[in-house]
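The values are calculated or read from the model by the stated rules, or taken from the named source; none is laboratory data. These numbers were taken from a predicted model, which means no experiment stands behind them. All Cβ positions, glycine included, derive from the backbone under ideal geometry; neighbour counts span all protein chains shown. SASA here: full protein model, heavy atoms, side chains in, ligands and nucleic acids out. Shrake-Rupley method; radii C 1.70, N 1.55, O 1.52, S 1.80 Å.
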Amino acid sequence: MKKKLYRSQSKKMISGVLGGLSDYVGIDVNLLRILFVILLLTTAFFPFGLIYVAMVFLVPNEGDVR
């Protein structure tokens, strides 16, 4: 079965982007959230914040993919 990237409805805190990404990559969602916050703070929000906002609009919801 081919993996598909989606925004998770069950593992979401803000929009579900990191929850869906954790399913896609196979990493624990909490570990991915911690890593994301560290990267967000060390890069002064710009690249990772912009990528996150873009993914909110570009990645489909979980219900639309399955």
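Numbers below:
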| item | result |
| --- | --- |
| Selection count, segment 14-48, where residues are touching a helix residue (DSSP H, G or I) at 6+ places or on another chain (Cβ under 9 Å), part of a loop (DSSP other than H, G, I, E, B) and either farther than 19 Å from Leu58 by Cβ or among the hydroxyl-bearing types (Ser, Thr, Tyr) (or both) | 4 |
| Residues being out of contact with any helix residue (DSSP H, G or I) (no Cβ under 7 Å at 6 or more places or on another chain), of a type in the set (Val, Ile, Thr) and open to solvent by less than 70 Å² (accessible area, probe 1.4 Å) - total across segment 49-66 | 1 |
| Residue within segment 20-28 that is over 19 Å from Met1 (Cα atoms) and within 12 Å of the chain's Cα centre (by Cα) present | yes |
